[in-house]
Structure formats: structure tokens, C-alpha cells
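Since the structure comes first, as C-alpha cells, the remarks are kept for the end.
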Amino acid sequence: MKGRFISLEGIEGSGKSTQLNFIIDYLQTNNIEVVSTREPGGTLVSEKIRDVLLDDKLPSMHMDTELLLMFAARVEHVKAVIQPALDLGKWVVCDRFYDATYAYQGYGREIDLKRIDMLKDFSIGELAPDLTLLLDVTLDVSMDRVTKRGNKDRFENEKIDFYKKVRDGYLAIAHNNPDRVASIDATGSIEQVQTAIRIKLDELLNE
Ligand code: TMP
């Protein structure tokens, strides 16, 4: 059986972590062997790169450096974890993948999307998620949840204008990729969001 690749996206405070656990449990109860991972990260090398990327004591990183580090972490992660798991027929659930680069570095930092296309081709070729779940929350909900969490990283210290661009970017990505990306209203209760996610997972399980 062919492995399936699911990515989970959303701005800060969209409830990804909670829903990630639900997705893993749901797939496992359907007898699917699942690898749960995240970006940036997922390997020893990529987690080290993550530490640099999120370090709030390094506020002045050039946006191109940030972009290249995201892809460096991704190359390692795809080659060491994602592709081997898919080749073995496992399902991979990844907390963020390349849509995050388009949303944050492309729409958020305003790096030309064509440059990101180029780096994506170079780094991972044709690999794409089979399903991307975009947990969409309003900026108010996002900011409120992030503030309550405290201990902000380099991205969480960004201003609301940045998050507006990132959210609009995610919505544009969903609009432009309707067959792959499902935008889910994540402002409701955890159960409501789970119901919407379950519908999408069932579609994939029944393909
Ligand atoms: P996380 O907090 O959801 O684990 O994600 C870490 C941060 O990294 C989050 O603020 C989004 C950011 N990010 C990018 O800017 N570009 C990317 O390509 C990825 C994967 C994450």
C-alpha cells in the first residue's frame, strides 16, 4: 500500500498541536502506521536548524537566510524521514510543510514566490502532501492564544501586520489549491474542528 502524506498548517494559536494528536489517534484506530513529525525539525540536524530559526535572541536574521535555513531543514527531513516512511507505505503527518514557507517567507516577508518555487524544485522536486489541513483562525483568536501561552519565539514576536499577511497568504494558497488544501474554520470548539478534520481524513482513507 502506498503511503500518504498529510500536512497541517495554520498561523500561531490555530490549535495545530491539539488536532495533530487527534489525527494520529484517528489514523491509528483505522490501523494505519503513522509517522508524526514537524517542520522546521524532524531530524537531529533539522532540529538544530529550528533552534536557530526560532531563537528570539537573533532578531535580525536576513529574510533570505531564514528562507534558506527553512529549506535546508526540509531537505534533511524529507531525505531522512518523510520519503523513506512513504516508501515503506507508512502515512506521514507533518506539522507544517512547504505551504508554511510560502505563507511566512513569501506572503509574510514578501519574498518573491517564484524564488520559493525555484528552491522548492531544487530541494524536494515533486514531493507534495496528498492532503493539507489549514486550520484557519482570526487574528484576534490567534493573538489572544499566543499571548496567553507566554514565552514567545522569534516568529511569535512579530507584529499583527505580519500575521495578517501570513493568514491572507494561507487563504490564497487554499484558494489556489482546492484539490489538496482544505481550509477548516478553527475558531469553533475542539470537537467541531475534529468533526471537520474527520470528514477530510475519511475521504483520504476511502480513496
Ligand atoms: P511551530 O511553532 O508551528 O512549530 O512553527 C515554527 C515557526 O516556524 C512558526 O512560527 C512558523 C515558522 N515557519 C516558517 O516561517 N516557514 C516554514 O517553512 C516553516 C515550516 C515554519
Here is a list of conditions, (1) touching a strand residue (DSSP E or B) at 6+ places or on another chain (Cβ under 7 Å); (2) within 10 Å of the ligand (Cβ to nearest atom), and Thr37 meets all of them except one; can you say which number that is?
(2)
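Let's see how each residue does on (1) modelled with pLDDT of 95 or more; (2) not polar (S, T, N, Q):
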| site | (1), (2) |
| --- | --- |
| Leu20 | yes, yes |
| Ile24 | yes, yes |
| Ile32 | yes, yes |
| Val35 | yes, yes |
| Val45 | yes, yes |
| Ile49 | yes, yes |
| Val52 | yes, yes |
| Asp56 | no, yes |
| Thr65 | yes, no |
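Residue-by-condition table, conditions (1) exposed (fewer than 15 other Cβ atoms within 10 Å of the Cβ); (2) away from the ligand (no atom under 15 Å from the Cβ):
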position: Asn157; (1), (2): yes, no
position: Ala174; (1), (2): no, yes
position: Ala182; (1), (2): no, yes
position: Ala186; (1), (2): no, no
position: Thr195; (1), (2): yes, yes
position: Asp202; (1), (2): yes, yes
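The values are calculated or read from the model by the stated rules, or taken from the named source; none is laboratory data. All figures in this text were calculated on a predicted structure; none of them were measured in a lab. Cβ: placed from backbone, ideal geometry, glycine included. Neighbour counts: every protein chain shown.
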